[in-house]
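Participant: Right, I'll just put the structure down here and ask away after.
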Amino acid sequence: MRVLLLGGAGFIGLHLARRLLAEGHAVTLVDDFSRGRDDADLAAVRAHPGATVRSADLTAAATWAALPRIWDQVYLLAAVVGVRNVEGDPARVVRVNTLTALHLLDWVEPGQRVFFASTSEVYAGGVDAGTVAVPTAEDVPVTVADVTAPRFAYAISKLLGEAAFVHMGRAKGVAAVVGRFHNVYGPRMGADHVIPEMALRALRGEDPFRVPGADQHRAFCYVDDAVEAMLRLMATPAAGGRIVHIGDDTAETNIADLAKLVLRQTGTPATLLPLPAPPGSVRRRCPDLTLLRTLTGYQPAVPLEEGVRRTVAWYREWGN
Ligand SMILES: NC(=O)c1ccc[n+]([C@@H]2O[C@H](COP(=O)([O-])OP(=O)(O)OC[C@H]3O[C@@H](n4cnc5c(N)ncnc54)[C@H](O)[C@@H]3O)[C@@H](O)[C@H]2O)c1
């Protein structure tokens, strides 16, 4: 296959690129490197004869005009992500996350298979409001508690994307899969997310070891499992036009237990210092994966202990 990865130099994009290249596909990565990094991992992908890397801004019409339309599959992963970025520049979040989606839908040809990366954040407001059950299925009502609060800019931008891919995709005859990722983690995901952030502090020997939101729960999904789910969905015609939760419902953990696991894996003897959760952080998150399993037969394969071990090993070698 010829596969186009938009935002391909980022965390999930590069892991997906590696898997596709290993299977013999030709992969083109487009990224503006606002967050994706030109590091040793990208250099290894770039050196592969099946890979092409382009630096371009996917909010610019000229970028799309210059892209050939030769793809068997297209994945839209480009977005502004991360709590710090969202709180710091919500206008950029809305602009980048919606323009990239709308440009892609204007550009894409009928019959094309497209994946749009959405997020569990679209329904997180309902968990805190008590209107959404956990584990959470795709058909729960989405809740935006405050349109003017910077942190909701991310969820709102992804909701617009979901509606665009479902409705515009259908109108154009595009088989779009909307995948809502739930706490995907692994090597090379930056330093903002909880597992690498904890790993880096543990590797520095922090003691007492701060644990914000120690009593919260998350179901973490190792990136290889998320990639497997994406590939299965894209190979399943019945997934076209559907919104599907992607994650690992077998790996739900309390954050204090996660901290103990990270400390064990880094070999850091420290005392836990439980702290309040960051404002706006949802109490519990775990996907109901019935639809993903029914459509694709997916089963997560990397247990939390093993995924954290691999992640810690990467951060030990490369830092952030
Ligand atoms: N990692 C997770 O757990 C998670 C959870 C929910 C949703 N998602 C979604 O999955 C997708 C991938 O997430 P990720 O963790 O790999 O994020 P990431 O930030 O590592 O990757 C996104 C990439 O998009 C690029 N990008 C941003 N703006 C661009 C632009 N204008 N033009 C070209 N490239 C641009 C960035 O440089 C980056 O490399 C995102 O859409 C994100 O919203 C991820």
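Participant: Considering only residues of region 170-213 that are closer than 19 Å to ARG316 by Cα, of a type in the set (A, V, I, L, M) and part of a loop (DSSP other than H, G, I, E, B), which is modelled with the highest pLDDT? Show your work before the answer.
Facilitator: Looking only at region 170-213, we keep the residues that are closer than 19 Å to ARG316 by Cα, and these are 185-207, 209.
Cutting the leftovers down to of a type in the set (A, V, I, L, M) gives us 189, 191, 194-195, 198-200, 202-203.
Remaining after also requiring part of a loop (DSSP other than H, G, I, E, B): 189, 191.
Values: MET189: 96, ALA191: 91.
Here the answer is MET189.
Participant: Testing SER281 on (1) under 19 Å from the mean Cα position of the chain (by Cα); (2) modelled with pLDDT of 95 or more, one condition comes back false. Which one is that?
Facilitator: Checking SER281 against (1) under 19 Å from the mean Cα position of the chain (by Cα); (2) modelled with pLDDT of 95 or more, the one that fails is (2).
Participant: Here's another thing I want to ask about it. Among the listed residues ALA153, ALA199, ALA176, which satisfies the condition of being surrounded by 20 or more Cβ atoms within 10 Å (Cβ to Cβ), small (Gly, Ala, Ser) and in contact with a strand residue (DSSP E or B) (Cβ under 7 Å, 6 or more places away or on another chain)?
Facilitator: Exactly one of ALA153, ALA199, ALA176 is surrounded by 20 or more Cβ atoms within 10 Å (Cβ to Cβ), small (Gly, Ala, Ser) and in contact with a strand residue (DSSP E or B) (Cβ under 7 Å, 6 or more places away or on another chain), namely ALA176.
Participant: Pull up region 72-83, narrow it to residues that are away from the ligand (no atom under 11 Å from the Cβ) and either part of a loop (DSSP other than H, G, I, E, B) or of a type in the set (A, V, I, L, M, F, W, C) (or both), then point me to the one that is surrounded by the fewest Cβ atoms within 10 Å (Cβ to Cβ).
Facilitator: ASP72
Participant: Please specify each residue of region 119-151 satisfying the condition of being free of Cβ contacts under 8 Å to residues at least 12 places away in the same chain and small (Gly, Ala, Ser). Please lay out each step first, then the result.
Facilitator: Of all residues in region 119-151, those free of Cβ contacts under 8 Å to residues at least 12 places away in the same chain come to 130, 132-133, 139, 146-148.
If the condition is that a residue be free of Cβ contacts under 8 Å to residues at least 12 places away in the same chain and small (Gly, Ala, Ser), then GLY130, ALA133 are the ones that fit.
Participant: Please go through region 34-59 and give me each residue that is within 8 Å of the ligand (Cβ to nearest atom) and more than 14 Å from ARG188 (Cα to Cα), ordered by number.
Facilitator: SER34, ALA56, ASP57, LEU58, THR59
Participant: (1) among the acidic types (Asp, Glu); (2) near the ligand (Cβ under 10 Å from one of its atoms); (3) more than 14 Å from the chain's Cα centre (by Cα): which one isn't true of GLU197, the others all being true?
Facilitator: Only one criterion is unmet by GLU197, namely (2).
Participant: Suppose we keep only residues that are loosely packed, with under 15 Cβ neighbours inside 10 Å and not in a helix (DSSP H, G or I) within region 84-110. Which one would you say is nearest to the ligand (Cβ to nearest atom)?
Facilitator: Result: GLU109.
Participant: Right, here's the next one. Sort out which residues of region 271-290 are among the hydrophobic types (A, V, I, L, M, F, W, C) and surrounded by fewer than 19 Cβ atoms within 10 Å (Cβ to Cβ), and write them in order of number.
Facilitator: Listed by number, the residues that qualify are LEU272, LEU273, LEU275, ALA277.
Participant: A further question on this structure: Every residue in region 252-276 that is in a loop (DSSP other than H, G, I, E, B) and of a type in the set (S, T, N, Q), please. Step through it out loud before you land on a result.
Facilitator: Quick first cut of region 252-276, residues in a loop (DSSP other than H, G, I, E, B) only: 267-271, 276.
Hits for region 252-276 are THR268, THR271.
Participant: Can we say ARG69 is part of a strand (DSSP E or B) and either among the basic types (Lys, Arg) or at positive phi (or both)?
Facilitator: Details: part of a strand (DSSP E or B): no; either among the basic types (Lys, Arg) or at positive phi (or both): yes.
Here the answer is no, as ARG69 does not meet what is asked.
Participant: It is to be established whether one or more residues within region 40-47 are crowded, with 21+ Cβ neighbours inside 10 Å, within 18 Å of GLN112 (Cα to Cα) and not polar (S, T, N, Q).
Facilitator: For region 40-47, residues crowded, with 21+ Cβ neighbours inside 10 Å, within 18 Å of GLN112 (Cα to Cα) and not polar (S, T, N, Q): absent.
The values are calculated or read from the model by the stated rules, or taken from the named source; none is laboratory data. Since this is a predicted model, take the numbers as computed values, not measurements. Don't worry about glycine lacking a Cβ; one is built from the backbone with ideal geometry, like all the others, and counts go over all protein chains shown.
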